[in-house]
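The values are calculated or read from the model by the stated rules, or taken from the named source; none is laboratory data. Predicted, not measured: the structure shown is a model, and the values here were computed from it. Here the Cβ positions follow ideal geometry from the backbone for every residue, glycine too, while neighbour counts run over all protein chains shown.
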Amino acid sequence: MKRLGDAHPIGRIAQAEEIAQFFLFLASDNARFITGAILMIDGGYTAQ
């Protein structure tokens, strides 16, 4: 797991709670203007 984390710009892989918080945000009214988007949850891995 350490090797996987080292490959990410933030230096670690996400915790399950962090992923859950992302989906809770998307399900909330705060995300009502996010439509038709592809959102990556990868710690910046695809932005490298």
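Of all residues in the stretch 1-30, those that are closer than 17 Å to Tyr45 by Cβ have Cβ atoms under 8 Å from Cβ atoms of residues that are assigned to a helix (DSSP H, G or I), 6 or more apart or on another chain, in Ala7/Tyr45; His8/Tyr45; Pro9/Tyr45; Pro9/Ala47; Gly11/Gly5; Arg12/Gly5; Ile13/Leu4; Ile13/Gly5. Whether any residue in the stretch 1-11 is assigned to a helix (DSSP H, G or I), at pLDDT 95 or above, surrounded by fewer than 10 Cβ atoms within 10 Å (Cβ to Cβ) and out of contact with any helix residue (DSSP H, G or I) (no Cβ under 7 Å at 6 or more places or on another chain) is what I want to check. No, the stretch 1-11 contains no residue that is assigned to a helix (DSSP H, G or I), at pLDDT 95 or above, surrounded by fewer than 10 Cβ atoms within 10 Å (Cβ to Cβ) and out of contact with any helix residue (DSSP H, G or I) (no Cβ under 7 Å at 6 or more places or on another chain). Take the residues in the stretch 20-48 that are within 25 Å of Leu4 (Cα to Cα) and of a type in the set (Phe, Trp, Tyr); name whichever of them is surrounded by the fewest Cβ atoms within 10 Å (Cβ to Cβ). Checking each candidate, the answer is Phe23.
State yes or no: is Ile38 among the β-branched types (Val, Ile, Thr) and assigned to a helix (DSSP H, G or I)?
no
Residues that are more than 11 Å from the chain's Cα centre (by Cα), small (Gly, Ala, Ser) and in a helix (DSSP H, G or I) within the stretch 12-28 comprise just one, Ala27.
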